[in-house]
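Since every read-out is calculated from the coordinates, none of them should be taken as a lab result. Just so we're clear, the structure is a prediction, and the values are computed from it rather than from any experiment. Cβ placement follows ideal geometry from the backbone for every residue including glycine, while neighbour counts extend to all protein chains displayed.
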Amino acid sequence: QARKRFGQNFLHDPGVIERIVRSINPKPDDAIVEIGPGLGAITEEILAINPRLQVVELDRDLIPVLRTKFFNYPEFQIHEADALSFDFRELMTDRPLRIVGNLPYNISTPLIFHLLEQSGVVQDMHFMLQKEVVQRLAAVPGDNNYGRLGIMAQYFCKVQPLFEVGPGAFRPAPKVDSAIVRLVPHKELPHPAKDLKTLQAVVRTAFNARRKTLRKALGAMVTVEQLQSLGINDGLRPENLSLADYVKIADLLVDSGAAPAGNNEVSND
Ligand code: SAM
């Protein structure tokens, strides 16, 4: 019986499972971590290639099911834990982590923010998400769903939407369409901000008023003259600005002493 509060929709379509695993392309020596293995649909296919797979699963009733099913993989490790507060850095040994998961959709946005914070130890991430969340991750300026999630994901990672999956591939079937996305952390940030918290504050403030002009949306933070000094037209809307522009605004706030520098944790508030 799938549990709603854990966002459980188990994959059962072998064709879709195979396509996901082919996209991940697991290698025997990779350090792979699966979030939310559930009944082990993806787990099983990865284990056949990489017997040292580690999983993080919150539902304690699933732990014995997974132990029994995969008893013949002595190196398989199960962490009974909440992925939202899990420190993935602890799993890192000699190589960066490859994180995969058909994520519980009710927590996917905070979970992605939590993982972005740890992207320094990550080689790549492959996630099944609600299709709309994948569109937000990949959105570019001008798109309807361009906003905080896409900007912060693209700050840390290259975002590659891979393919869509219909509700029929799951049991029980979710009410929404799903899609697979690949996130590859940048080796060097293309637009490093002097202070990440300030960047986040600017982006959050801007998109709290996404229909207004920048002049109004960011009025409490920057002056029209400051925007103009950066070559940014204050009559634009938040959805028109690129990541590079947001970084410029945040850096100007740091330089002008309006924001404290030196905090580089990602926050999800
Ligand atoms: N991977 C399986 C599959 O594709 O069939 C199950 C996917 S199901 C959408 C999400 C899984 O994440 C469930 O097994 C659920 O118990 C687990 N889960 C939910 N919240 C979690 C959390 N905070 N941390 C870790 N796992 C969680």
Ranked by how many other beta carbons lie within 10 Å on average, peptides 122-129, 186-193, 81-88, 105-112 from highest
122-129, 105-112, 81-88, 186-193
Applying the Karplus parametrisation 6.51 cos²θ - 1.76 cosθ + 1.60 with θ = phi - 60° to the phi angles of segment 236-250, what ³J(HN,Hα) value in whole Hz is obtained for each residue in order, glycine and proline being reported as x?
6, 9, x, 6, 8, 8, 7, 3, 4, 5, 4, 5, 4, 5, 4
Residues GLU75 and VAL140, FRET efficiency given R0 of 51 Å [Cβ-Cβ distance, rounded to 0.05]
0.75
Tell me, what ³J(HN,Hα) does each residue in segment 158-175 have, in order and in whole Hz, if you take phi through Karplus 6.51 cos²θ - 1.76 cosθ + 1.60 with θ = phi - 60° and put x for Gly and Pro?
7, 10, 10, x, 9, 7, 9, 9, x, x, x, 7, 10, 10, x, 6, x, 7
Between THR205 and ALA173, what length comes free when the chain is fully extended (0.36 nm per residue of separation minus the Cα-Cα distance, one decimal in nm)?
7.9 nm
Place a +1 charge on the Cβ of each Lys and Arg in the chain and a -1 charge on the Cβ of each Asp and Glu, then give the dipole magnitude about the Cα centre in debye, rounded to the nearest 20.
740
Can you pull out the trypsin sites (Lys or Arg not before Pro) in segment 1-87 that DSSP calls coil and that have at most 13 other Cβ atoms within 10 Å?
ARG3, ARG60
Helix-only estimate, please: 222 nm mean residue ellipticity of the chain, summing -39500 (n - 2.57) across DSSP H runs of length 4 or more and dividing by its residues, to the nearest 500.
-9000 deg cm²/dmol
Please compute the modelled spin-label separation between ASP87 and GLU18, points set 7 Å along Cα→Cβ, answer in nm with one decimal.
4.2
Distance in nm between THR68 and ALA244 label points, each 7 Å along Cα→Cβ, equals 5.8
Output ³J(HN,Hα) for segment 4-19: one whole-Hz value per residue in order, computed from phi by the Karplus curve 6.51 cos²θ - 1.76 cosθ + 1.60 with θ = phi - 60°, and x for Gly and Pro.
5, 5, 9, x, 8, 10, 8, 6, 9, 8, x, x, 5, 4, 5, 5
Which of the pairs LYS4/LYS131; LYS175/LYS197; LYS158/LYS197; LYS27/LYS194; LYS69/LYS158; LYS197/LYS248 have their Cα atoms more than 25 Å apart in this structure?
LYS175/LYS197; LYS27/LYS194; LYS69/LYS158
